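K.L.:
Can you read through this structure? Questions will come right after.
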Amino acid sequence: KQEVTQIPAALSVPEGENLVLNCSFTDSAIYNLQWFRQDPGKGLTSLLLIQSSQREQTSGRLNASLDKSSGRSTLYIAASQPGDSATYLCAATGNQFYFGTGTSLTVIP
Amino acid sequence: GAVVSQHPSWVICKSGTSVKIECRSLDFQATTMFWYRQFPKQSLMLMATSNEGSKATYEQGVEKDKFLINHASLTLSTLTVTSAHPEDSSFYICSARRLAGSADTQYFGPGTRLTVL
């Protein structure tokens, strides 16, 4: 069974810093790797989706990379802002979504 | 983009009552929908896969008689929590699978907060 782990579980950074969130998965036979943002008490907002044949995707200040062979993905956030504070979830998709444990990010003004 | 709605967004009920949560795909047809639950500060756990016109497939450890799923149309799936108890209090999220050509994407609903007193 696919297991997805995210490190760190929580992260607190001052505004303006660049940061990296890590996601690892045990089964490299995935269709996609997707990153989501979840605000407290809210649903999921899709940030980036990397297909299994791709290496990375970019959207604004966000860049996600995928290395299937090593079972890793990273989400890079440039010039962090207080509005980036949220929980970030990665999900490895096969026949279903396998969600990671999440990283709770706090950006301090 | 595709939109998935859930109703209600939150519900409080007494122990022993049943609660129905609706998941709708607003602008596309979804032959498959998924139901997840999320406990505080934990990740989403898949409960069941709902297929239009057929019985749902439940994940190991999920009681099918307690969590009734009906997927009667291509745009609506319902989750009924029967005889709810305080331990059923959780955040329930649905997603709908959209097939467009070779693309296969899931869209997530905003979630329903269930509190059982």
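The values are calculated or read from the model by the stated rules, or taken from the named source; none is laboratory data. A quick note: this is a predicted structure, and the numbers were derived from the prediction, not measured. Quick reminder, even Gly has a Cβ in these numbers, built from the backbone with ideal geometry, and neighbours come from all protein chains shown.
K.L.:
So is A:S53 surrounded by fewer than 15 Cβ atoms within 10 Å (Cβ to Cβ), polar (S, T, N, Q), in contact with a Ser or Thr (Cβ under 8 Å, 6 or more places away or on another chain) and part of a loop (DSSP other than H, G, I, E, B) or not?
P.N.:
no
Yes/no per residue for (1) of a type in the set (D, E, K, R); (2) farther than 27 Å from B:T49 by Cβ; (3) modelled with pLDDT under 95:
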| residue | (1), (2), (3) |
| --- | --- |
| A:L21 | no, yes, no |
| A:S24 | no, no, no |
| A:L44 | no, no, yes |
| A:I50 | no, no, yes |
| A:R61 | yes, yes, no |
| A:A64 | no, no, no |
| A:A86 | no, yes, no |
| A:L105 | no, yes, no |
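K.L.:
Now a separate question. Pick out, from region B:52-117, the strands (runs of 3 or more DSSP E) lying fully within it that include 3 or more residues that are at pLDDT 90 or above and under 15 Å from the mean Cα position of the chain (by Cα).
P.N.:
Those strands (runs of 3 or more DSSP E) span B:67-73, B:76-81, B:90-100, B:112-116.
K.L.:
Being among the small types (G, A, S) and touching an Asp or Glu at 6+ places or on another chain (Cβ under 9 Å) is the filter here; which residues of region B:21-52 pass it?
P.N.:
B:A30, B:A48
K.L.:
Between residues in region A:30-56 that are free of Cβ contacts under 8 Å to residues at least 24 places away in the same chain and within 12 Å of chain B (Cβ to nearest Cβ) and residues that are of a type in the set (K, R) and surrounded by 14 or more Cβ atoms within 10 Å (Cβ to Cβ), which pairs lie under 6 Å by C-beta distance while being six or more apart or on different chains?
P.N.:
Pairs that qualify, where the first residue is free of Cβ contacts under 8 Å to residues at least 24 places away in the same chain and within 12 Å of chain B (Cβ to nearest Cβ) and the partner is of a type in the set (K, R) and surrounded by 14 or more Cβ atoms within 10 Å (Cβ to Cβ), are A:T45/A:R37.
K.L.:
Another one. Mind checking which residues of region B:30-51 are assigned to a loop (DSSP other than H, G, I, E, B) and in contact with a Phe, Trp or Tyr (Cβ under 7 Å, 6 or more places away or on another chain)?
P.N.:
The one that is assigned to a loop (DSSP other than H, G, I, E, B) and in contact with a Phe, Trp or Tyr (Cβ under 7 Å, 6 or more places away or on another chain): B:S43.
K.L.:
Give B:V3, B:V19, B:V11 a once-over and let me know the one that is surrounded by 13 or more Cβ atoms within 10 Å (Cβ to Cβ), over 13 Å from the mean Cα position of the chain (by Cα) and under 14 Å from B:L79 (Cβ atoms).
P.N.:
None of the others qualify; the one that does is B:V11.
K.L.:
While we're here: Which of the residues belonging to region A:70-94 are assigned to a loop (DSSP other than H, G, I, E, B) and either at the interface with chain B (Cβ under 9 Å from one of its Cβ atoms) or farther than 16 Å from A:I50 by Cα (or both)?
P.N.:
Of everything in region A:70-94, those that are assigned to a loop (DSSP other than H, G, I, E, B) and either at the interface with chain B (Cβ under 9 Å from one of its Cβ atoms) or farther than 16 Å from A:I50 by Cα (or both) turn out to be A:A78, A:A79, A:S80, A:Q81, A:S85.
K.L.:
Follow-up. The conditions are (1) touching a residue at least 40 places away in the same chain (Cβ under 8 Å); (2) within 14 Å of chain A (Cβ to nearest Cβ), and B:F28 fails exactly one of them. Which is it?
P.N.:
Among (1) touching a residue at least 40 places away in the same chain (Cβ under 8 Å); (2) within 14 Å of chain A (Cβ to nearest Cβ), the lone unmet condition for B:F28 is (2).
K.L.:
Just one of A:T87, A:T26 is farther than 30 Å from B:R113 by Cβ, hydroxyl-bearing (S, T, Y) and without any contact (Cβ under 8 Å) to a residue 60 or more places away in the chain; which is it?
P.N.:
A:T26
K.L.:
Can you tell me how many residues in region A:95-109 are more than 9 Å from the chain's Cα centre (by Cα), surrounded by 21 or more Cβ atoms within 10 Å (Cβ to Cβ) and outside any strand (DSSP E or B)?
P.N.:
Summing the residues that are more than 9 Å from the chain's Cα centre (by Cα), surrounded by 21 or more Cβ atoms within 10 Å (Cβ to Cβ) and outside any strand (DSSP E or B) in region A:95-109 gives 0.
K.L.:
Considering every residue within region A:70-77, establish whether at least one is in contact with a Phe, Trp or Tyr (Cβ under 7 Å, 6 or more places away or on another chain), aromatic (F, W, Y) and at pLDDT 95 or above.
P.N.:
No - not one qualifying residue is present in region A:70-77.
K.L.:
Moving on to the next point. I'm told A:A64 meets every condition in (1) within 14 Å of chain B (Cβ to nearest Cβ); (2) under 20 Å from B:D104 (Cβ atoms); (3) not aromatic (F, W, Y) except one. Can you identify the failing condition by its number?
P.N.:
(1)
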